[in-house]
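Worksheet: one structure, shown below.
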Amino acid sequence: MTFLPDTGYVPTDEDRTSLDAWFAEYDAQSAKRNVERMADMAVFPLNLVSDDAAGNGRSAQWDREQFVATMTQVMGEGNEDIAFESTRTPVFLSASMAVVFTDSTMTHAGESTQLRYADILIRRDGKWAFQTMIQGGWGDNL
């Protein structure tokens, strides 16, 4: 059982529903490799946090152009969709800030990869957007 920290904010049903809808859209665009639309769903500069092969923590800030170029390379080319099965655990800090922990299985060309990562999302003008991506193992590429 996962125990979430008491942040002092109790999310409403709408908070959770809107966040779930955002992730459903993001996953759909990721499955199609629609990197430009994925970038539309972010706030730039985007913060990235990871670790490198030497075990050192790393961070970077990307502009939209770098996000599009890197994600296009990472996601590869092809017409077949990528499938995601994800379990998300959001921790709402307020009605406009959430840290979301994700355990996901990504399947492409019959091969599955387990992913664990966290995102920090902010809500502006009623719409969620990701602002920080956190995942181990990518630091050498930052």
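For ALA95 and ASN56, the difference between the fully extended length at 0.36 nm per residue and the C-alpha to C-alpha distance is 10.7 nm. The candidates PHE92, PHE84, arranged from most to least accessible area with a 1.4 Å probe in the full protein assembly, appear as PHE84, PHE92. The spacing between the stretch 1-40 and the stretch 41-78, judged by their C-alpha centroids, is 19 Å. Distance between the modelled labels on GLN66 and ARG88, one decimal in nanometres: 2.5 nm (7 Å Cα→Cβ projection). Extension gain for the segment THR105 to PHE44, taken as residue separation times 0.36 nm less the Cα-Cα distance, is 19.3 nm to one decimal.
The values are calculated or read from the model by the stated rules, or taken from the named source; none is laboratory data. Predicted model only: the values in this text are computed from it and were never measured. Neighbour counts run over all protein chains shown; Cβ positions are idealised from the backbone, glycine included. The area values use the complete protein model at the heavy-atom level, side chains included, leaving out ligands, DNA and RNA. Shrake-Rupley method; radii C 1.70, N 1.55, O 1.52, S 1.80 Å.
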